[in-house]
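Novice: This is the structure I have questions about; it appears just below.
Read-outs throughout are calculated quantities, based only on the coordinates presented, and are distinct from any laboratory measurement. Keep in mind it's a predicted model, so treat the numbers as computed, not measured. Here the Cβ positions follow ideal geometry from the backbone for every residue, glycine too, while neighbour counts run over all protein chains shown.
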């Protein structure tokens, strides 16, 4: 298999280098073309039926409003906004012909089936996690169920003809969970992982850091650094657990995985603890404006495509990156070679 891969990569490099351009002139697009061809085991790769999946869930720690400026009810309100095509992710998916799926992973709200049955995947584990200031966020059974549901959702999407997928999220308070996961896995102190989330002020940020430091000590988070299931049960979110399973299945199916921002990358950190090879399928969309994300990307030695200062979540960075990924495939398949165009090569 290694020899086949090596031969294929040589073929891909030769094809890329012989396009009508100086070597390396298309920058990161050339690296992406090589990566996608390798994932798909072909010198003529294709992007088929790209999807963004937004996993939504509530977090018990957010109910008191100490780590988040917006009330917990905003999670459900934003899910309804997704369903009604009113959010940024709807705009970008519509613009770039990307299929959007929205998943109720554990929102603290009962959605009306008559309104949402065709627009919302019901995979609810519970009505939000427990408050991890007081107790564990979820049971092991709930975490495993969320992981399995994430896998099943990706399997269904793959069967629809999709080979390129990005994951987004919605959940008031989920930057707190992601910060704790990041700290545990990277070994960085909590203070370097916590950001402003949906826009806390200086006083709120200080409170958020204080609370998350206490949570870190209470649950002895460092002891679970190599145990994704333990981290999820202690301080995770249902949407983060479901996304973890989604990454695992997408890589198993040899899909192209477009990694979004801070929370999505935290879920990837968990998935990588179970299967390090997932990273080979990942294309990193952007660097989030959330302060910990750049450090996460450095930890993963990842090069993001975009640097837009975005920190919205929802999979918006992934949706903006997919057209660039399509361009990498298109130039590989459609651009003339020096020979076919009758152009003299470099002497």
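Novice: Please state the relative contact order of segment 51-324 as a whole percent: Cα pairs under 8 Å, 6+ residues apart?
Specialist: Working: 569 pairs, mean separation 69.0, N = 274.
Relative CO of segment 51-324 lands at 25 percent.
Novice: I would also like to ask the following. Which FRET efficiency value, to the nearest 0.05, do you get for residue 110 and residue 148 by plugging their Cβ-Cβ distance into 1/(1 + (r/R0)^6) with R0 = 30 Å? Numbers along the way, then the final one.
Specialist: On the way: r = 23 Å, r/R0 = 0.76.
The calculated FRET efficiency here is 0.85.
Novice: Moving on to the next point. In whole angstrom, how long is each semi-axis of the equivalent ellipsoid of segment 51-324, when you take the square root of 5 times every eigenvalue of its Cα gyration tensor and sort them from largest down? Spell out each step's value before the answer.
Specialist: Details: eigenvalues 123, 85, 68 Å².
The three semi-axes for segment 51-324 are 25, 21, 18 Å.
Novice: Compute the long axis of helix 2-17 from its Cα atoms, compare it with the longest principal axis of the Cα atoms of the chain, and write down the angle in degrees, 0 to 90, nearest 10.
Specialist: So the helix axis and the longest Cα principal axis differ by about 70 degrees.
Novice: Out of every Cα-Cα pair in segment 2-108, what percent are more than 21 Å apart? Please list the in-between numbers first.
Specialist: Working: 3336 of 5671 pairs.
Across segment 2-108, Cα pairs with separations above 21 Å total 59 percent.
Novice: Can you give the % of DSSP beta bridges in the chain that are antiparallel, to the nearest 5? Please list the in-between numbers first.
Specialist: On the way: 1 of 23 bridges.
Rounded to the nearest five, the antiparallel share is 5 percent.
Novice: Between residue 18 and residue 252, what is the spin-label point distance in nm, taking each point 7 Å from the Cα along the Cα→C-beta axis?
Specialist: 3.9
Novice: Let me ask something else about it. Quick one: Cα centre-to-centre distance for segment 179-229 and segment 25-102, in angstrom?
Specialist: Distance between centres, Cα-based: 24 Å.
Novice: Moving on to the next point. Would you calculate a helix-derived [θ] at 222 nm for the chain, using -39,500 (n - 2.57) for each DSSP H run of n ≥ 4 and dividing by the full residue count, to the nearest 500?
Specialist: Details: 15 runs with 174 residues, N = 347.
Dividing the helical sum by the residues of the chain leaves -15500 deg cm²/dmol.
Novice: Given R₀ = 25 Å, what would the calculated FRET efficiency be for residue 227 paired with residue 188, taking r from the Cβ atoms and rounding to 0.05?
Specialist: Working: r = 18 Å, r/R0 = 0.72.
Approximately 0.90, to the nearest 0.05.
Novice: So what does log10 I(q)/I(0) come out to for segment 143-205 at q = 0.25, 0.26, 0.29 Å⁻¹, using the Debye formula with one equal point on every Cα and no solvent?
Specialist: -1.05, -1.09, -1.18
Novice: Mind pulling the angle between the C-alpha long axis of helix 28-40 and the longest principal axis of the chain? Nearest 10 degrees, somewhere in 0 to 90.
Specialist: The two axes meet at around 90 degrees.
Novice: Between the helical axis of 262-274 and the dominant principal axis of the chain, each derived from Cα atoms, what acute angle in degrees is found, rounded to the nearest 10?
Specialist: Here the helix axis deviates by roughly 80 degrees.
Novice: Could you check the spin-label model distance between residue 85 and residue 66? Points 7 Å from the Cα along Cα→Cβ, value in nm.
Specialist: Result: 4.3 nm between the two label points.
Novice: Taking the Cα centroid of segment 253-327 and of segment 138-173, what is the distance between the two, rounded to the nearest whole Å?
Specialist: For segment 253-327 versus segment 138-173, the Cα centre distance is 16 Å.
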